[in-house]
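*Asks:* To start, I am sharing the structure in question, which I have written as structure tokens.
Just so it is clear, none of the values below were taken in a lab; they were calculated from the coordinates. What you see is a predicted model; the values in this text were computed from it and never measured. In this analysis, Cβ positions are derived from the backbone assuming ideal geometry, glycine residues included, and neighbour counts consider all displayed protein chains.
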Amino acid sequence: MPEGHTVHRAARLQRELLAGSALAVDSPQGRFAEEAALLDGQRLESIEAYGKHLFYAFESGVYLHVHLGLFGKFRMGAGRAPEPRGAVRVRFQSERGWVTLSGPTACEILDASGRRSILARIGPDPLRPTDRPARAFARIAKSSTPIGALLMDQSVIAGIGNVYRAELLFRAGIAPQVPGRAVPRTALLELWRDARALLRAGERTGRIVTFRPRERHYVYNRTGKPCRTCATPIVSATMAARTVYWCPGCQH
DNA sequence: GTGGGATGGGCAA
DNA sequence: TGCCCCTCCCACA
């Protein structure tokens, strides 16, 4: 479930299990074995999430950068790690608990400048309390790109993925095809606030719920089904290389 | 049992 | 734009 909320939640839970401790680090799968050996025994200073990126700061000054991509998955728990399930790229063990990572798009050691260059190319993150949306609004306000593509662009806003894109636009009543510069500033502000609220809820619960606990989504993955508000069939199309869903009755 | 698609993104062309 | 990465899960048999 890797959108921004998953990554921030992972950072919070893993801090409790690992931060401040010297870690045993290995790579049961073997693909990260050399790097794991460099980290093994070091104290983990902090874990920080920016959009969909995670940075683990180690005492020697290096960072482990993780991006889950579409397939990546963390497992974690208190006590001793169980036998690895599937292909585990990297495993951490502290005196309090363990974390395993499988299937990531990125799992690499970076120095401070490598970390900075990643942070320089992502936009404000609604889950970071001090981030402000002005930069994102400026990009959107002068762009002819559809708002549905801009919301997926991590250099515009960091942390929103395909589910939140569809749900945010439905809740705002905006069709995905509307050019960025045609979206009123008041609507952008409302989108930002709603993104912050929905992502925070997702961070707390670990699930994306934008409608009701049982019927979780308004439009995402509901092609052909009746709109929960107006009963018009939900439609879908490809935008920014992913399927976008919307209600032609509610979104203009 | 199994095949396709999935909540991403980098890269070549 | 399409391919690849390379894992999990669910719809369908």
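*Asks:* Using the Cβ atoms and a cut-off under 15 Å, what net charge is assigned to the surroundings of A:Ser236, where Lys and Arg are +1 and Asp and Glu are -1?
*Replies:* +3
*Asks:* Between A:Arg193 and A:Ala24, 0.36 nm times their residue separation minus their Cα-Cα distance comes to what?
*Replies:* Fully extending the segment from A:Arg193 to A:Ala24 adds 56.8 nm.
*Asks:* Follow-up. With a 10 Å Cβ neighbour count serving as the proxy for reagent exposure, in which order, fewest first, do A:Leu54, A:Leu110 appear?
*Replies:* Neighbour counts put them in this order, fewest first: A:Leu110, A:Leu54.
*Asks:* A:Lys52: which lysines have alpha carbons under 26 Å from its alpha carbon, excluding same-chain residues fewer than 8 sequence positions away?
*Replies:* A:Lys73, A:Lys142
*Asks:* In deg cm²/dmol and to the nearest 500, what is the mean residue ellipticity at 222 nm of chain A if only DSSP H runs of at least 4 residues count, each as -39500 (n - 2.57), divided by the residue total?
*Replies:* Calculated from helices alone, the mean residue ellipticity at 222 nm is -9000 deg cm²/dmol.
*Asks:* Residues with beta-carbon under 13 Å from that of A:Gly173, excluding A:Gly173: net charge, scoring Lys, Arg +1 and Asp, Glu -1?
*Replies:* -2
*Asks:* What is the dipole size for region A:186-238, taken about its Cα centre, with +1 at each Lys and Arg Cβ and -1 at each Asp and Glu Cβ, in debye to the nearest 20?
*Replies:* 240
*Asks:* If the viscosity is 1.002 mPa s and the temperature 20 °C, what Stokes-Einstein diffusion coefficient in µm²/s follows for region A:4-120 when Rh is the Kirkwood radius over Cα pairs?
*Replies:* Roughly 154 µm²/s, to the nearest whole number.
*Asks:* Over region A:134-246, what is the relative contact order in whole percent, taking alpha-carbon pairs under 8 Å and six or more residues apart?
*Replies:* Relative contact order, region A:134-246: 26 percent.
*Asks:* Per-residue counts of other Cβ atoms within 10 Å, averaged by peptide: what ranking do you get for A:157-164, A:20-27, A:170-177, A:82-89, highest first?
*Replies:* With the highest mean Cβ count within 10 Å placed first, the list reads A:157-164, A:170-177, A:20-27, A:82-89.
*Asks:* Distance between Cα centroids, region A:132-154 to region A:12-28: provide it in whole Å.
*Replies:* The distance from the Cα centre of region A:132-154 to that of region A:12-28 comes to 36 Å.
*Asks:* For A:Lys142, A:Lys52, A:Lys73, A:Lys225, what's the fewest-to-most ordering of other Cβ within 10 Å of each Cβ?
*Replies:* Listing A:Lys142, A:Lys52, A:Lys73, A:Lys225 from fewest to most nearby Cβ atoms yields A:Lys142, A:Lys225, A:Lys73, A:Lys52.
*Asks:* While we're looking at this one, here's another question. Looking at chain A, I'd like the Rg to Rh ratio, where Rg is from alpha-carbon atoms and Rh is Kirkwood's inverse mean 1/r.
*Replies:* Rounded to two decimals, Rg over Rh is 1.02.
*Asks:* Another question, if that's okay. Relative contact order of chain A, please, whole-number percent, based on alpha carbon pairs below 8 angstrom and at least 6 residues apart.
*Replies:* 16
*Asks:* Run the dipole for chain A about the Cα centre, Lys and Arg Cβ at +1, Asp and Glu Cβ at -1, nothing else charged, and hand back the magnitude in debye, nearest 20.
*Replies:* That gives a dipole near 1040 debye.
*Asks:* If each residue's Cβ is checked for other Cβ atoms within 10 Å, how do A:Val235, A:Val7 rank with the fewest at the top?
*Replies:* Ordered by Cβ neighbours within 10 Å, fewest first: A:Val235, A:Val7.
*Asks:* While we're on this one: What whole-number distance in Å separates the alpha-carbon centres of region A:197-252 and region A:38-71?
*Replies:* 32
*Asks:* Something else: Can you tell me, using C-alpha contacts under 8 Å and at least 6 residues apart, the relative contact order of region A:4-120 as a whole percent?
*Replies:* That works out to 28 percent.
*Asks:* Once you put a point 7 Å from the Cα of A:Arg204 and another 7 Å from the Cα of A:Glu83, both along the Cβ direction, what distance in nm separates them?
*Replies:* So the two model labels end up 3.9 nm from each other.
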